[in-house]
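Contents: one structure, followed by commentary.
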């Protein structure tokens, strides 16, 4: 990326109406937590350094709905993301320094050039060294969900630029570097709304090409109608409730026919198909987090997906394996793992 390690907040590049910029520094862990939580979602920071002080720097810029954030804690810390049903995907790119990321009962080295897309229904923990700096790009869920069936890599494999599906990640990383460089120098062309929208859509298209299945048509528009957003939010809040199409229609505030065509056009699925996909996604996250101590049949009932056989068939269609296989891996990983203790401080 740029040689200036604060390249997203160059003092000669003022904010504009179309690109909002921010730079923040603090030695206090609570300030660091608040700065990052405001952009993304609640999480925890564990300070492992003996003096409990940071050299925290957070530089950010927005591009439409997309938020680009360069973050350095300047100390040995653990970042714990445990809340599920989050509002954003976060594409994290390691820039410099050492770190380890853990999710789905696996540990991965996270060094310069490595990247991972944090899914909203998976728990993550990062162990970051004092010299670690990363770029975190926040993407609202409704801008990626519905883009087609995600590759398994989206959920549990750290992608390297040369190895991502479709061979698209190298182009994606190059485009991110271009965006950061232009934001760094305060390019006046980013003061034009049409330019911002075009670059935002290009980023999302490259993200889908790199990490999502291109065989499924991508029909999601850049801006969701209000009634589609209302319905999607209602679905997300009631995954474990016995809701019907009539309930979703009522929440949307438009006739059923309008809602159906809106979902088909902007989400790529009917409302009830979208509900099933979101339930399966959440059920999978529950299986992975359970350590194998969960009943697939009970889970199917909990998410109102019908009997175990139907749930298994739908699950296999989306994830390429039966839920029992995911459950077995989760149980094996839990039995093989060791619980360590840390003498550290947790910042709430």
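Return a yes/no flag: does the stretch 54-73 have any residue that is outside any loop (DSSP other than H, G, I, E, B) and surrounded by fewer than 19 Cβ atoms within 10 Å (Cβ to Cβ).
no
For every residue, the table says whether it meets (1) without any contact (Cβ under 8 Å) to a residue 60 or more places away in the chain; (2) under 18 Å from the mean Cα position of the chain (by Cα).
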position	(1), (2)
53	yes, no
61	no, yes
66	no, yes
88	yes, yes
97	yes, no
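Would you call residue 179 in a helix (DSSP H, G or I), crowded, with 20+ Cβ neighbours inside 10 Å and modelled with pLDDT of 90 or more?
No, not satisfied.
To keep it simple, each residue is scored yes or no on (1) in a loop (DSSP other than H, G, I, E, B); (2) closer than 21 Å to residue 133 by Cα.
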site: 75; (1), (2): yes, yes
site: 84; (1), (2): yes, no
site: 89; (1), (2): no, yes
site: 108; (1), (2): no, yes
site: 111; (1), (2): yes, yes
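Taking the stated definitions as given, is residue 32 out of contact with any helix residue (DSSP H, G or I) (no Cβ under 8 Å at 6 or more places or on another chain), within 24 Å of residue 122 (Cα to Cα) and crowded, with 20+ Cβ neighbours inside 10 Å?
Against the criterion (out of contact with any helix residue (DSSP H, G or I) (no Cβ under 8 Å at 6 or more places or on another chain), within 24 Å of residue 122 (Cα to Cα) and crowded, with 20+ Cβ neighbours inside 10 Å), residue 32 qualifies.
Determine if the stretch 9-23 includes at least one residue that is assigned by TED's automatic domain parsing to the domain that holds residue 195, modelled with pLDDT of 80 or more, at negative phi and not in a helix (DSSP H, G or I).
yes
State yes or no: is residue 79 part of a strand (DSSP E or B), over 18 Å from residue 58 (Cα atoms) and either in contact with a strand residue (DSSP E or B) (Cβ under 9 Å, 6 or more places away or on another chain) or in contact (Cβ under 8 Å) with a residue 24 or more places away in the chain (or both)?
So residue 79 does not fit the description; no.
Do you know which residues across the stretch 115-137 are assigned to a strand (DSSP E or B) and surrounded by 19 or more Cβ atoms within 10 Å (Cβ to Cβ)?
If the condition is that a residue be assigned to a strand (DSSP E or B) and surrounded by 19 or more Cβ atoms within 10 Å (Cβ to Cβ), then 115, 116, 117, 118, 126, 127, 128, 133, 134, 135, 136, 137 are the ones that fit.
The values are calculated or read from the model by the stated rules, or taken from the named source; none is laboratory data. Fair warning: this is a prediction, and the values are worked out from it, not measured in the lab. Reconstructed Cβ throughout: ideal geometry from the backbone, glycine too, with neighbour counts over all protein chains shown.
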